[in-house]
Amino acid sequence: MKKLFSYFFIVLLVPAIMFTGCKDDTADPTTSNYQTLSTYMASNGMDLPDLLASPTKWVVAPNLMADGGIVDAENDYTIPGYYVFDIRSLEDFKKGHIKGSINVPLLNVIDKANEVGKDKPILVVCYSGQTAGRAVMALRLSGFSNAQVMKFGFSYWSSDFDFDKWSGKTLNGAGDQAVGNTNWKTDASTNLPTNNYPAWTSSNTDPAALLAEHVNAMLAITSWGIAANVPLDDPASYNIYNYWSEEDYVEYGHYKQAYQMLPIKIADDVLTAFPQSDEFLVYCYTGQTSSFAVAWLHVLGYNAKSIFYGVNNLQYTALKDGGSTVWVHSHDYPYETTTK
């Protein structure tokens with residue numbers, strides 16, 4: 001009888017083991033895919049703080065070589081130390097561009113980078129330095145680790161291309177629309193929320209292939225930003241994250257109920273502060289760093305948007321008087337035009 005019971009126990013145990021083994025082999029793919037990609041990025045110098053700083057800072061101003069900058073005034077105001085990718089529309093590129101620059105659509109920056117090679121770093125130029133952040137993020141995640149954004153875009157190169165001139169809109173980075181607004185506060189941030197990681201699937205299991213897939217998908221996103229006045233009118237309708245130090249968050253103010261978050265990084269579960277799938281907004285001083293950060297978040301599968309021009313479009317005077325980062329358009333360099 002005892003022997004019969006042993007056989008009966010084994011008969012029950014074997015299917016249980018098989019079932020448990022199958023359960024382990026079919027782990028939730030939405031969780032494992034995110035973990036595969038984020039672990040790979042963090043282990044290969046692709047966490048956001050790394051990409052912002054290494055091996056060279058991600059943004060550079062178009063100052064003259066005589067002043068320690070990158071622009072060669074003695075050689076027709078060219079930038080000889082870089083391959084210059086201008087990602088503006090072909091129409092605007094023809095109206096004026098840096099001599100020697102190449103007009104490259106945003107979606108093609110990686111292919112063009114592979115074509116020109118790595119004997120010089122790549123400098124990306126757009127209108128205001130924000131869309132260029134997305135291009136440089138794609139390049140840094142694709143092996144071009146010293147690619148850089150030209151600070152403030154072509155609007156910094158020449159006052160002929162200030163925002164109101166090239167766009168016909170009042171999109172100037174400088175503005176004080178938050179002054180006196182009841183939705184702009186100077187109180188301390190509440191504690192960050194805790195959420196699950198993004199849930200998504202992919203047929204790729206190789207982390208490098210997964211990264212390439214998500215970089216290309218990020219470049220194809222067209223609705224990645226929002227005007228600063230929209231959340232100012234109704235901040236309660238948005239999840240808003242201020243990418244500043246706590247000191248500046250309080251001193252210069254912030255959207256009502258916006259969270260203060262610095263740094264944004266994979267380590268220490270910091271990213272659980274963001275909603276798993278709902279849209280959220282990220283902003284900084286000028287909109288350049290937040291555009292770079294939002295591109296990185298898109299690669300990881302988050303539903304983020306950058307607030308255009310940041311607090312410079314909301315509290316410009318306070319930032320300027322406080323010696324903080326502000327929009328400047330001081331250069332009037334010559335540029336090349338073409339009808340081809």
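Just so it is clear, none of the values below were taken in a lab; they were calculated from the coordinates. As the structure is a prediction and not an experimental result, all values here were calculated from the model. With ideal geometry, Cβ positions are generated from the backbone for all residues, glycine too; neighbour counts draw on all protein chains shown.
Counting only other residues whose beta carbon sits under 14 Å from that of Thr222, what net charge do I get with K and R as +1, D and E as -1?
Working: positive: Arg134, Lys305; negative: none.
Result for the local shell: +2.
Using the Cα centre of segment 42-167 as the reference point, and only Cβ charges (+1 on K/R, -1 on D/E), how large is the resulting charge dipole? Debye, rounded to the nearest 20.
On the way: 12 positive and 15 negative charges, 46 e Å.
Here the size comes out at about 220 debye.
Between Asp160 and Asn108, with labels modelled 7 Å along Cα→Cβ, what's the label distance in nm to one decimal, could you check?
Here the modelled spin labels are 2.4 nm apart.
Can you give me the convex hull volume of the Cα atoms of segment 184-321, divided per residue and expressed in Å³? Walk me through the numbers on the way to the answer.
Values: hull volume 15.1 nm³, N = 138.
Residue-normalised Cα hull volume stands at 110 Å³.
Taking other Cβ within 10 Å of each residue's Cβ, how do His254, His331 sort, fewest first? Provide the component values of the computation, followed by the final result.
Values: His254 29, His331 17.
If I rank by nearby Cβ atoms, fewest first, I get His331, His254.
Run the numbers for Gln257 and Asn44: contour at 0.36 nm per residue of separation, minus the present Cα-Cα distance, in nm.
Result: 73.2 nm gained on full extension.
Rounded if a/c is under 1.5, else prolate if a/b beats b/c, else oblate: with a ≥ b ≥ c from the C-alpha gyration tensor eigenvalues square-rooted, which is segment 70-205?
Details: a/c = 2.23, a/b = 1.20, b/c = 1.86.
Oblate shape, in that a/c is at least 1.5 and b/c is the bigger or equal ratio.
For segment 296-312, take each phi angle, set θ = phi - 60°, evaluate the Karplus expression 6.51 cos²θ - 1.76 cosθ + 1.60, and give the result in whole Hz per residue in order, putting x for glycine and proline.
5, 5, 4, 4, 7, x, 7, 9, 10, 9, 9, 7, 4, 6, x, 6, 4
Let's test the formula: R0 of 35 Å, r as the Cβ-Cβ distance of Ala73 and Asp176. What FRET efficiency results, to the nearest 0.05? Let's see the in-between values first.
Values: r = 35 Å, r/R0 = 0.99.
In this case the efficiency is close to 0.50.
With +1 on the Cβ of every Lys and Arg and -1 on the Cβ of every Asp and Glu, and nothing else charged, how large is the dipole of the chain about its Cα centre, in debye rounded to the nearest 20?
Result for the chain is approximately 780 debye, rounded to the nearest 20.
Given that just one value was derived from the coordinates, which of (1) 18.0; (2) 22.6; (3) 16.7 is mean projected area of the Cα convex hull in nm²?
Correct label is (2).
Pairs of alpha-carbon atoms within less than 8 angstrom and 6+ residues apart define the contacts here; what relative contact order does the chain have, in percent? If you can, show how the numbers build up before the last one.
Details: 600 pairs, mean separation 72.8, N = 340.
Rounded, it is 21 percent for the chain.
Calculate the FRET efficiency for Ala66 and Ala199 from the Cβ-Cβ distance with a Förster distance of 35 Å, rounded to the nearest 0.05.
Numbers: r = 53 Å, r/R0 = 1.52.
In this case the efficiency is close to 0.10.
Please give me the summed charge of the neighbours of Ile266: other residues whose Cβ is under 12 Å from its Cβ, Lys and Arg +1, Asp and Glu -1. Can you show the working numbers first?
Working: positive: Lys265; negative: Asp47, Asp50, Asp268, Asp269.
Residues close to Ile266 contribute a combined charge of -3.
What FRET efficiency, computed as 1/(1 + (r/R0)^6) with R0 = 25 Å and r the Cβ-Cβ distance, is obtained for Ser32 and Asp278, rounded to the nearest 0.05?
Values: r = 22 Å, r/R0 = 0.89.
Computed FRET efficiency for Ser32 and Asp278 comes out at 0.65.
Which one of Ser291, Asn146, Asn33 is farthest out on the positive end of the charge dipole of the chain, using unit charges on Cβ (Lys, Arg +1; Asp, Glu -1) and the Cα centre as origin?
Farthest towards the positive pole: Asn33.
First select every other residue whose beta carbon is under 13 angstrom from the beta carbon of Thr56; then total the charges, Lys and Arg +1, Asp and Glu -1.
On the way: positive: Lys57, Lys120, Arg140; negative: Asp50.
Here the charged neighbours net out to +2.
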